[in-house]
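Peer 1: Here you go, one structure.
The values are calculated or read from the model by the stated rules, or taken from the named source; none is laboratory data. Predicted, not measured: the structure shown is a model, and the values here were computed from it. Positions of Cβ are backbone-derived with ideal geometry, glycine not excepted, and every protein chain shown enters the neighbour counts. Keep in mind that these areas ignore ligands, DNA and RNA; they rest on the heavy atoms of the full protein, side chains included. Shrake-Rupley method; radii C 1.70, N 1.55, O 1.52, S 1.80 Å.
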Amino acid sequence: MKYNAAEVGEIEIGTCKIVNIDGRSIGIYYDGENYHAIRNVCPHEQAELCKGHFSGTTLTSKPHEYIYGMEGEILVCPWHGWEFNVKTGESLVDPDRYRVKVYDVSVEEDRIVVHI
Ligand code: FES
């Protein structure tokens, strides 16, 4: 099923619009190139995940080397700071155990459409 979630231009770069689609709270995030849709529920204690902030993280690197990257791709939960990749929904700490549902998004005639 496809749902109109917002209009193009309605969501500023680096921000998220929370919408209710078919009983699900979903955040639509715009990274400046693409839109991403992620369930607005943290798997830890069910906080409204999309009310957190977007950040980056340190990337895999050699010992004593710190490389920062993925700026704007990491969604940080507002309650206890768990971090999730907004594109995949995977937890940074334990991606096999903790994951948030993500949905496909398309742009159709200036509408941001979420596929559920
Ligand atoms: S509820 Fe999200 S980190 Fe605890």
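Peer 1: Quick check on Ile67: is it away from the ligand (no atom under 14 Å from the Cβ) and touching a Ser or Thr at 6+ places or on another chain (Cβ under 7 Å)? Quick ask: steps written out before the conclusion?
Peer 2: Values: away from the ligand (no atom under 14 Å from the Cβ): yes; touching a Ser or Thr at 6+ places or on another chain (Cβ under 7 Å): yes.
Yes, satisfied.
Peer 1: Just to be sure I understand the filter: pairs with C-beta atoms under 7 Å, separated by 6 or more residues or on different chains, first member in the stretch 59-87 and on the phi > 0 side of the Ramachandran plot, second member charged (D, E, K, R). Which pairs pass?
Peer 2: Gly72/Asp31
Peer 1: Would you point out the residue of the stretch 79-100, among those that are outside any loop (DSSP other than H, G, I, E, B) and open to solvent by 40 Å² or more (accessible area, probe 1.4 Å), that is farthest from Gly14 (Cα to Cα)?
Peer 2: Per the stated criteria, the residue is Arg99.
Peer 1: For the stretch 24-62, enumerate the residues that are touching a Lys or Arg at 6+ places or on another chain (Cβ under 9 Å) and within 16 Å of the ligand (Cβ to nearest atom).
Peer 2: Within the stretch 24-62, Ser25, Gly27, Ile38, Arg39, Asn40, Val41, Pro43, Leu49, Cys50 meet the criteria.
Peer 1: Can you name the number of the only condition in (1) farther than 24 Å from Glu12 by Cβ; (2) open to solvent by less than 50 Å² (accessible area, probe 1.4 Å); (3) at pLDDT 95 or above that Val76 fails?
Peer 2: Single failed check for Val76: (1).
Peer 1: Show me the strands (runs of 3 or more DSSP E) found entirely inside the stretch 3-58 where at least 3 residues are exposed (fewer than 15 other Cβ atoms within 10 Å of the Cβ) and at pLDDT below 95.
Peer 2: So the answer is none; nothing clears 3.
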